[in-house]
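Peer 1: This is the structure I want to talk about, given as structure tokens.
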Amino acid sequence: MLKGKYVLLSLAAALVCWQAAGFDTANSGVIDPCKSTVAATAGVVLVCPLGDGDLLSATASGTNSTITLTVRDNTNTGIQGIPTTDMWLVGCNDGLLLCGGSQGSNADVATGPTGVTTFTQEPAAGGCDSGLYVVVQGAVIQQAGACQPLCLAIAARSPDYKSTAGCPLDTPCPDSKVTNADFSWFTSHYTVNIALPKPYYVCADYARNQAGNFGDITLADFSKFTVHFQGAGHKCPI
């Protein structure tokens, strides 16, 4: 999916960190991914290529998982005016296929006077991932003090999981549209009859059960899936 792109992002982040470490006495005005910060409450969000899934601010897990990003330079000074198109989200395990590339998950607004912005919308994407990285101008935001990529514990799961060409078993291969291939895959995990259980797979678990928990594939998950499968199936409009 975005494997090649993520490699480039990681290299860019490493390069910026190295530069910052060598020139930490001057305000460069260039983002420092090691001094920039992100924060969010853990959650689970259903994402769709059409961009009409669960909001990060109102996730399937019942949490407000709004991502708050503060972009700073090497002197810890917030950087104002970074455009939304320069900030986006990617899957920590390269499991998401963004609709239209980075524009499928841009920030809400440009950074303010102290370098702060938010992500409240869902990524327009297919696939499945256990977490999200925040990327600014090609660099992944890092853990404070460690200068290693910070993976936010926001799981993103999409009804667009399989392509019409198919792929092995539960291997994700989204194609930016919800098709019969996705329906067949989902039903292979949807337990209609408790006497005939089907293997649980976390990527098909879009909604909490009646007890308010994840961990099984129920009518609530089927209902969410069908919203995006109805008609011709939801797809990336770009």
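Taken together, the values in this text are just the output of simple stated rules run on the coordinates, not laboratory data. Since this is a predicted model, take the numbers as computed values, not measurements. Virtual Cβ from ideal backbone geometry, glycine too; neighbours counted across all protein chains shown.
Peer 1: Would you mind counting up the charge near Asn180? Only other residues with Cβ under 15 Å from its Cβ, with Lys and Arg at +1 and Asp and Glu at -1. Please list the in-between numbers first.
Peer 2: Numbers: positive: Lys162, Lys177, Lys235; negative: Asp160, Asp175, Asp182.
Combined, the nearby Lys, Arg, Asp and Glu give 0.
Peer 1: Here's a follow-up. What does the charge count near Tyr200 come to, summing +1 for each Lys or Arg and -1 for each Asp or Glu among other residues with Cβ under 12 Å from its Cβ? Working shown, then result.
Peer 2: Values: positive: Lys198; negative: Asp170, Asp205, Asp216, Asp221.
So the surrounding residues net to -3.
Peer 1: Evaluate the distance, in nm, between pseudo-label points positioned 7 Å from the Cα of Thr68 and of Ser223 along their respective Cα→Cβ axes.
Peer 2: 3.3 nm
Peer 1: Also, I was wondering about something else. Hey, what do the phi angles of segment 149-161 turn into as Karplus ³J(HN,Hα) couplings, whole Hz, using 6.51/-1.76/1.60 and θ = phi - 60°, x for Gly and Pro?
Peer 2: Once θ is set to phi - 60°, the couplings for segment 149-161 become x, 9, 9, 6, 7, 10, 7, 10, 10, 10, x, 8, 10 Hz.
Peer 1: Could you let me know the centre-to-centre spacing of segment 219-238 and segment 62-98, using Cα atoms, in angstrom?
Peer 2: 27 Å
Peer 1: If you add up the charges near Ile79, with Lys and Arg at +1 and Asp and Glu at -1, over every other residue whose beta carbon is less than 13 angstrom from its beta carbon, what do you get? Before the final figure, lay out each step's value.
Peer 2: Details: positive: Lys35, Arg72; negative: Asp32, Asp73, Asp86.
Spelling it out: positives minus negatives among the neighbours equals -1.
Peer 1: Over segment 97-151, what relative contact order in percent results from Cα pairs under 8 Å that are six or more residues apart?
Peer 2: Values: 53 pairs, mean separation 14.5, N = 55.
Averaging sequence separation for qualifying contacts and normalising by length gives 26 percent for segment 97-151.
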